[in-house]
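Peer 1: Here it is, the structure, as structure tokens.
The values are calculated or read from the model by the stated rules, or taken from the named source; none is laboratory data. Note that the structure is predicted; figures quoted are calculated from it, not measured. As a convention, Cβ positions derive from the backbone with ideal geometry for all residues, glycine included, and neighbour counts pool all protein chains shown. Ligands, DNA and RNA are stripped out before the accessible areas are found, and what is left, the full protein with its side chains, is counted by its heavy atoms. Shrake-Rupley method; radii C 1.70, N 1.55, O 1.52, S 1.80 Å.
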Amino acid sequence: QVDAVRVYVNSSSENLQYPVLFVVRQQKGVLSWQVPLIFRGLYQRTYNYQEVSRTLCPSEPTPETGPSDQIIFVDVSSMAPFNIAYELLVTRLENFQLETNKAFNFTASPSQPQYFLYKFPQDVDSVIIKVVSDAVYPCSVVSVQDIVCPVYDLDHNVEFNGVYQSMTKQAAITVQRKDFPGEQFFVVFVIKPEDYACGGSVPSSIHGNVNRTWNLQRMKNLQVTIVPSIKKSVYVQAMFFSFLSFLSFYLGSVVVAFVHYISTDMKLTVPFGSVSIAGSGIMTSSHPITASTPEGSSYGAIDESGSSGGHQLSSPERGPPAGSDTDSSVEEESDFDTMPEIESDKNVIRTKVFLYLSDLSRKDRRIVSKKYKIYFWNIITIAVFYALPVIQLVITYQTVVNVTGNQDICYYNFLCAHPLGVLSAFNNILSNVGHMLLGFLFLLIVLRRDILHRRAMEMKDVYTLDYGIPKHFGLFYAMGIALMMEGVLSACYHVCPNYSNFQFDTSFMYMIAGLCMLKLYQTRHPDINASAYSAYASFAVVICLAVLGVVFGKNDMWFWVIFSMIHVLASLALSTQIYYMGRFKIDGPDSDLGIFRRAAMVLYTDCIQQCSRPMYMDRMVLLIVGNLVNWSFAIFGLVYRPRDFASYILGIFICNLLLYLAFYIIMKLRSSEKLLPIPLFCIVATAVVWAAALYFFFQTLSSWEETPAESREKNRPCILLGFFDDHDIWHFLSAAALFFSFLVLLTLDDDLDAVRRDKIPVF
């Protein structure tokens with residue numbers, strides 16, 4: 001048992017010119033202070049205390065010398081030309097050494113700090129120091145320091161050594177045996193003279209011209225408990241759980257693929273002259289295409305006169321036979337259309353009241369496919385250039401935390417932050433493995449579909465047929481990469497979560513939501529979807545706005561006015577382009593005002609002057625609801641100005657995506673189309689998993705919108721395997737939910753593989 005001595009002094013003198021100086025000399029150190037003891041706060045305010053109590057650095061008996069008497073000298077002096085009364089009291093501390101799993105209560109104040117000793121038991125490699133208090137204020141600091149004299153236990157020097165946290169009602173510090181060669185440490189408790197650092201205000205007694213306060217009562221009752229942390233075996237169990245949970249998705253995918261192979265990939269043999277289903281679900285025909293096609297029929301048409309009354313399906317001229325899809329002579333992007341019609345014919349086709357997929361899939365499939373592959377290659381480039389600086393920055397953050405010991409830099413859930421190596425919260429990083437594993441699995445699923453599609457084209461001349469949704473996989477590949485990168489960047493953010501780097505956690509979420517909307521639109525509008533360059537340029541603008549929102553979105557009204565205007569105008573412009581299928585051009589005599597002037601003219605002519613029914617009623621309903629949602633977001637942002645601007649933008653993206661997906665499914669069912677078992681299962685799984693994920697997402701465990709001390713009030717213990725907290729479960733479930741969401745988009749229209757494109761409506 002280590003003995004410690006505490007010195008209490010008191011002086012009635014208020015003369016700051018002639019303070020009483022106390023110097024305590026010990027065998028291994030010197031400790032000194034003055035009375036009145038002065039603390040400095042904001043704006044040169046001072047706080048003076050006439051009562052001071054300090055614990056002297058203890059002297060532990062060594063095995064060589066054994067217990068011995070320790071001599072302590074206390075020197076009291078003053079330069080005052082008059083006598084000053086003081087009181088000196090030296091006492092022995094009975095409970096200086098803290099015990100494992102045993103709570104200890106005590107009181108501290110700015111002029112009477114406390115510290116205690118803790119020794120690691122033989123079978124414990126890591127402990128968690130838990131400190132609680134019933135009162136929010138006064139603001140305090142908890143520090144863990146090595147056994148070195150002097151101990152830094154005053155407000156102005158507590159940050160000089162060791163690891164420390166600010167605290168209001170709760171604090172937790174994980175300490176590992178390997179960080180302390182002596183297998184023991186001091187736990188120091190300091191009460192700050194002001195509450196500003198913990199989110200409080202300056203005491204009312206010193207407002208105005210008064211900048212000096214005497215003996216401000218700032219006593220705080222604290223309780224400290226030191227409990228063993230998890231063992232190494234728990235780390236192993238958590239890693240096995242994380243990987244096996246998501247590897248089970250791989251097993252499930254293999255089973256589904258095998259069942260699909262047994263049921264459909266083995267081609268069904270049918271009589272000559274009829275239509276059969278290829279392995280990838282693409283309709284093929286045994287009718288040869290010859291140069292002697294009868295006049296009046298279209299190139300590549302299927303003669304179905306016997307079954308459909310002589311109806312013929314017209315198809316534009318196609319490129320070379322299958323197998324030359326990767327021919328280098330095919331241009332990746334072209335300014336000219338491969339449609340046989342002239343520009344005016346596009347206006348006739350795309351502005352029809354009832355549009356079918358054959359009207360919007362007339363371009364050369366090879367060029368359109370290469371156009372969508374650009375999404376994949378561009379997102380890989382973006383990912384590399386975005387991720388490398390992010391990784392370098394968060395490594396720097398973690399290094400600063402480890403070197404300075406300042407645990408107020410990062411907003412962890414300290415009650416469930418398990419360190420590993422240099423990482424302070426390995427569990428928050430490990431839980432992001434699901435995004436990477438499921439993103440890679442989605443890439444494999446898309447690759448399989450792509451290979452089956454190419455194989456079917458090589459076996460049958462499907463260029464002559466117009467069945468099902470056009471197969472373009474570039475956007476799907478981009479979505480898989482985006483899901484993997486979301487895991488990487490979320491892990492980077494959780495290396496040291498704080499206000500400055502939260503955008504890392506959301507940037508690829510914007511891109512995922514945007515790519516999903518683009519894919520959903522591209523399904524039935526393959527010829528008029530946005531190019532990769534314009535799409536990624538739009539994402540870049542969104543990320544720039546997110547950065548500006550982080551910087552200016554806290555209190556600057558002008559930013560919210562400008563952003564809300566941009567949001568509303570962009571919604572109107574995009575709505576007009578969608579309503580007119582991209583045929584609403586910005587040219588002609590009104591090019592100065594462009595699209596907005598034309599939109600106003602159409603609104604006046606159709607809705608006010610003639611009060612006519614909209615030409616495209618379904619699209620109009622979707623766009624009206626969509627604009628109301630977006631205008632509501634704009635008004636909400638303008639009125640409430642949320643501090644978490646990145647999540648605000650993400651909410652806009654997600655709401656628009658959900659709205660469009662709901663509209664698409666409703667219109668699909670209205671058109672008498674079916675939902676096959678696999679997409680139906682994915683839709684149900686998506687809804688259930690997203691609901692569970694959002695429940696855990698809203699279990700706030702920390703918040704960088706507040707001070708570090710206030711954020712720690714929300715910290716809670718682990719709930720899964722003693723290793724993962726609520727936010728880790730959000731990572732697991734959100735990864736699965738995104739994976740199922742992607743599968744919905746991938747399989748939603750599988751029921752149309754045997755339907756002619758001139759029978760598939762566009763909505």
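Peer 1: Suppose accessible area is computed on protein heavy atoms with a 1.4 Å probe; arrange R92, R643 from highest to lowest.
Peer 2: R92, R643
Peer 1: Tell me which residues come under 5 Å, amide H to amide H, from N215 once H is placed; ignore anything under 5 positions away on its chain.
Peer 2: N48, Y49, Q50
Peer 1: Next question. Packing-wise, with mean Cβ within 10 Å as the measure, how do 664-677, 715-728 rank, highest first?
Peer 2: So the peptides 664-677, 715-728, ranked by packing, come out 715-728, 664-677.
Peer 1: Another question, then. Among 487-497, 622-632, 650-660, what's the highest-first ranking by average C-beta atoms within 10 angstrom per residue?
Peer 2: 487-497, 650-660, 622-632
Peer 1: For each pair in K519/K714; K28/K119; K130/K231; K28/K130, compute the distance between the two Cα atoms and list the pairs where it is over 29 Å.
Peer 2: Beyond 29 Å: K519/K714; K28/K130.
Peer 1: Which ³J(HN,Hα) values in Hz, rounded to whole numbers, follow from the phi angles of region 166-178 under the Karplus curve 6.51 cos²θ - 1.76 cosθ + 1.60, where θ = phi - 60° and Gly and Pro get x?
Peer 2: 7, 8, 10, 10, 7, 8, 8, 10, 8, 10, 10, 4, 5
Peer 1: Output ³J(HN,Hα) for region 84-89: one whole-Hz value per residue in order, computed from phi by the Karplus curve 6.51 cos²θ - 1.76 cosθ + 1.60 with θ = phi - 60°, and x for Gly and Pro.
Peer 2: 10, 7, 8, 10, 10, 9
Peer 1: A follow-up question, please. So what does T404 come to for accessible area, using a 1.4 Å probe and Å² rounded to 10?
Peer 2: Result for T404: roughly 60 Å² accessible.
Peer 1: Still on this structure, please answer the following. From the phi angles alone, apply the Karplus equation (6.51, -1.76, 1.60; θ = phi - 60°) to region 229-241 and give each ³J(HN,Hα) in whole Hz, x where the residue is Gly or Pro.
Peer 2: Couplings: 8, 6, 8, 4, 4, 5, 4, 5, 4, 5, 5, 4, 4 Hz.
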